[in-house]
1. Name the residue, out of F394, F447, that is over 16 Å from the mean Cα position of the chain (by Cα) and at pLDDT 85 or above.
2. Being at pLDDT below 65, assigned to a helix (DSSP H, G or I) and charged (D, E, K, R) is the filter here, so list the residues in segment 7-27 that pass it.
3. So, V288, is that one assigned by the TED database to the domain that holds K21, under 22 Å from N44 (Cα atoms) and surrounded by fewer than 23 Cβ atoms within 10 Å (Cβ to Cβ) or not?
4. Which of (1) open to solvent by 20 Å² or more (accessible area, probe 1.4 Å); (2) among the hydrophobic types (A, V, I, L, M, F, W, C); (3) over 23 Å from L165 (Cβ atoms) is the odd one out, the single condition I259 does not satisfy?
5. Being open to solvent by 20 Å² or more (accessible area, probe 1.4 Å) and in contact with a Phe, Trp or Tyr (Cβ under 7 Å, 6 or more places away or on another chain) is the filter; apply it to segment 171-187 and report the residue that is nearest to V120 (Cα to Cα).
6. Only one of these is touching a residue at least 40 places away in the same chain (Cβ under 8 Å) and within 30 Å of R82 (Cα to Cα): A235, A193, A219. Name it.
7. Every residue in segment 421-452 that is of a type outside the set (A, V, I, L, M) and closer than 16 Å to A219 by Cβ, please.
Amino acid sequence: MRANDTERNEKEIEIIETMEKFGRYQMLQYFLICLPAVVVTMLNVNYVFVAGEVNYRCRITECEGQYPVYNTTWWPNKNIDRCTRPLVKELTGGTCTNDSFSDAVAVCTEWVYETNDTVVAELDLGCQPWKSNMIGTIHNVGLSLAMLASGWMSDRFGRLPTFILCSVGSCIGLLKVFAKTYYVYVLIELLEATIAGGTYTSAMVLMIEIGGKNNRILAGVIFAYAIYVGETLFALISMYVPYWKNLVMIIYSPAILSILLIFVIKESPRWQLLNNKTKSAKKTLLHVAKVNKVNINNEKLLNMNEENLKKEFNIDSYEEKEGLMAIFKSREMIKRSLVAAFCKFTSGFVYYGLMVNSVYLPGNKYTNFMLASVMSYPGELMSLYLMNKIGRKFPLIYGYLLCGLLCAACGWIPEDYTWLKITVFLLGKLIVSVCYTGVITYTMELFPTSVRGTLLGVCSVSAAFGSMLAPLTPILNSVSVVLPSMIFGITAIISGILLTRTPETKDAPLLDTIEQVEKAYGKARENRQGEDNPGFNKNIND
């Protein structure tokens, strides 16, 4: 009997190790969390094809019937832009011919579209390119608002409720198929993005906190692959379902099923403990131990009080809820927040900037979009290896610097050196993918649990702002073809330099309060001063 007890105790692990072991529980939770992320990603890039450009021409009422077609044999044999209409001179035999038009033109007020595959035809947006472009911009505005609000909601109400609410709520975009006017359409687009965008923030925080410190990078890589799968899947569906209403119904409908996830996804035990939900945290920990088949002392866990359980997970109690004002009172938190926000801005700006500019490569637009997405896949494996092997900070520093140099070099390579230019471009896209994933995990580890969701939301707004500016960079080509690449390069290099001011977080425990951050930073600063001045520690002790 004693031998059996000894054997059982030898296999028994500490309660704190329950969340550190990566087992079936984490695998299943990661998979389930990533399913809505794939769907939401398709929604977040829907405007690329749903509001895409189509060919159109002016409608000549004298020459066309009730149902005009785009291709005609009677269109005049001269170059006329699609925003002006040739004036009819005379009709030959009652019908229009190539010679029926004078040299005079007038401003076009009606258009004939080649297809009705996009909302440009449906909402009659001919010769109003700013309106179709604004659909994407408005979507990204909503995305920014969502990430900011969902970060606060994740900290205040929990990671899981926010995740489910945002995932299910994204199906409001289905209403777009009933929109009859442009302004109703963009209003729905804004509402959809404002709700759906919160899925990213809450999902990423939840995955980081349930995976243990050794699997934070893995969580970031898996989540990034979910985004890339969503982009690739969207391109494939769009290729075979070009009509925008059918496409919208196919990609938005699965979001409704996210409501079922509330029965299988669990809340973060760390958030539960920090918010005094001890009973729920114990229940979650017992479930994790059961699914992962790890042996913990169930009786010890159930009998632990709130304070002892927090100490077990190195969570300090604090009387006051920490918010934005507490962040502004800490110089260390301000510094970390500014560096993280700029790095997130850079990752969004350069990543999507390169993706937008990749469409200028020859070939099918759907294939080009897929190519830009697929190029990110190997970057995640590099990020996983380097950040686990070397650390978080230095791979990001050298990654941003190398990306900046590649982007700048690409702009100066002459068009005649086609393969060299494309190779350097793709290498830049590969490296920024490494940074894009790595900076997600790094920013998570820089912030304490009490304000992690809030600050992640702030950083996500910075990234969204970068992604909003990215589609505007092709306009700079009219000034100089080198300018977009140089801006990408300079931005990335600045990020690399700024990262030298933040600490390494590899193998460091997740801190829970701003006070802990201040203590850890103060201790590290004292150690550095002690190394520089051997008498420093002695003087302090005296």
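The values are calculated or read from the model by the stated rules, or taken from the named source; none is laboratory data. What you are looking at is a predicted structure, and each value in this text was computed from that prediction instead of being measured. Neighbour counts are summed over all protein chains in view; Cβ atoms, including those assigned to glycine, are modelled from backbone coordinates with ideal geometry. Heavy atoms of the whole protein, side chains included, go into the accessibility calculation; ligands, DNA and RNA do not. Shrake-Rupley method; radii C 1.70, N 1.55, O 1.52, S 1.80 Å.
1. Working: F447 fails: at pLDDT 85 or above.
That would be F394, the only listed residue that is over 16 Å from the mean Cα position of the chain (by Cα) and at pLDDT 85 or above.
2. Narrowing segment 7-27 to residues at pLDDT below 65: 7-12.
This time we only want the ones that are assigned to a helix (DSSP H, G or I), so: 7-11.
E7, R8, E10, K11, listed by residue number.
3. Details: assigned by the TED database to the domain that holds K21: yes; under 22 Å from N44 (Cα atoms): no; surrounded by fewer than 23 Cβ atoms within 10 Å (Cβ to Cβ): yes.
The answer is no for V288.
4. The number of the failed condition is (3).
5. Step by step, filter segment 171-187, then rank; the result is L174.
6. Values: A193 fails: within 30 Å of R82 (Cα to Cα); A219 fails: within 30 Å of R82 (Cα to Cα).
Unique residue meeting the criteria: A235.
7. Applying the first criterion (of a type outside the set (A, V, I, L, M)) to segment 421-452 yields 421, 423, 425, 428-429, 433, 435-438, 441-443, 445, 447-450, 452.
Y436, T437, G438, T441, Y442, T443, E445, F447, T449, R452 - these are the residues of segment 421-452 that are of a type outside the set (A, V, I, L, M) and closer than 16 Å to A219 by Cβ.
Yes/no matrix, rows are residues, columns are (1) of a type in the set (A, V, I, L, M, F, W, C); (2) within 26 Å of G457 (Cα to Cα):
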site	(1), (2)
C403	yes, yes
A408	yes, no
I413	yes, no
T437	no, yes
